[in-house]
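Take a look at the structure set out below.
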Amino acid sequence: MKIQKYSKDKSNQYKVTIDDCEYAIYDDVIIKFGLLLKKDISASDLKEILKYNDELDSYYLSIKYITKKLRSEKEIYEYLKKKEVSENVIENTIAKLRENKFLDDDIYLKAYINDQLTLSNNGPKKIAKNLVTLGLDESLINNALNNIDVSLWEEKIDKYVSKKVNANHNSSVKMLKMKIVNDLVNLGYDKEMIMPIINRYDIDDHEVFMHEYEKAKRQLEKKYEGYELEKKIREKLYRKGFYYSKEDFYEE
């Protein structure tokens, strides 16, 4: 098989024409097999060259993927599968990445948890679930999360509750607390950890109640009046978690 032509391609690749067929080959491969010094190669040589070239391609793709952010082995595997890389090449790539310290699940685990603690509201259960999905060992995950001081989780819960209470403009105390608890459970916190913190808050919903009362009144007084109007307003506010009596209305 005759090597006919070389031409520079993108980055560290060359287009190499062999028997009128063009191949994109990395310069590392050209050097490794001494192709610049050869005019002819055998079919078995070409097969070996292309195999090594595929492995380099897989490796460089992975490096580029990792440089954007740290990746787990499972992420690399799934990424290469989507690129239609063969199983054998993927295994060799992951082994090489591990050997060169581009893949390290311990480092990935610590970095991921640190990012979640710093940049998200996620609690331990959700973080653990995400890490299992990413292919990390469950016992390593649990060990790392168990080493985090409980006060840190409590502080995150407290900040979340405070933010939601201060931003409340239309919910009763009952509905607000229920929503916050549900949100925090979905974020991966235990209810037993949430309730003592949320119960510290003495939430005053009188202004919210008055706003919702006036809003309901404006909507309903077009159809009802007198006792029937008051009854409909009460029913509407009950559904929103507000309970009131005449004493709730007073002159300042």
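The values are calculated or read from the model by the stated rules, or taken from the named source; none is laboratory data. Small disclaimer: the values here were computed from a predicted structure and weren't measured. Here Cβ is always computed from backbone atoms with ideal geometry, including for glycine, and neighbour counts include all displayed protein chains.
Values for this structure:
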{"read-out": "Whichever residue in the range 215-252 is modelled with pLDDT under 75 and small (Gly, Ala, Ser) and, among such residues, is farthest from the chain's Cα centre (by Cα)", "value": "SER245"}
{"read-out": "Identity of the residue in the range 1-30, out of contact with any strand residue (DSSP E or B) (no Cβ under 8 Å at 6 or more places or on another chain) and of a type outside the set (S, T, N, Q), that ends up surrounded by the fewest Cβ atoms within 10 Å (Cβ to Cβ)", "value": "LYS10"}
{"read-out": "Those helices (runs of 4 or more DSSP H) lying entirely in the range 1-114 with at least 1 residues of a type in the set (D, E, K, R), in contact with a Gly (Cβ under 8 Å, 6 or more places away or on another chain) and closer than 30 Å to LYS126 by Cα", "value": "73-82"}
{"read-out": "Long-range neighbours under 6 Å by Cβ, at least six apart or interchain, first residue touching a residue at least 24 places away in the same chain (Cβ under 8 Å) within the range 214-240, second surrounded by 11 or more Cβ atoms within 10 Å (Cβ to Cβ)", "value": "LYS240/SER172"}
{"read-out": "When residues of the range 199-211 are limited to those that are under 37 Å from the mean Cα position of the chain (by Cα) and closer than 12 Å to ASN168 by Cβ, the one modelled with the highest pLDDT", "value": "TYR201"}
{"read-out": "Residue selected from the range 88-99 under the condition without any contact (Cβ under 8 Å) to a residue 24 or more places away in the chain and more than 26 Å from the chain's Cα centre (by Cα), by the criterion surrounded by the fewest Cβ atoms within 10 Å (Cβ to Cβ)", "value": "GLU99"}
{"read-out": "Any hit, the range 138-150, residues being in a loop (DSSP other than H, G, I, E, B) and on the phi > 0 side of the Ramachandran plot", "value": "no"}
{"read-out": "Scope the range 117-137; condition in a helix (DSSP H, G or I) and either hydrophobic (A, V, I, L, M, F, W, C) or surrounded by 19 or more Cβ atoms within 10 Å (Cβ to Cβ) (or both); matching residues", "value": "LEU117, LEU119, PRO124, ILE127, ALA128, LEU131, VAL132"}
{"read-out": "Restricting the range 31-56 to residues that are in contact (Cβ under 8 Å) with a residue 24 or more places away in the chain, exposed (fewer than 11 other Cβ atoms within 10 Å of the Cβ) and out of contact with any strand residue (DSSP E or B) (no Cβ under 9 Å at 6 or more places or on another chain), the residue that is farthest from VAL89 (Cα to Cα)", "value": "SER42"}
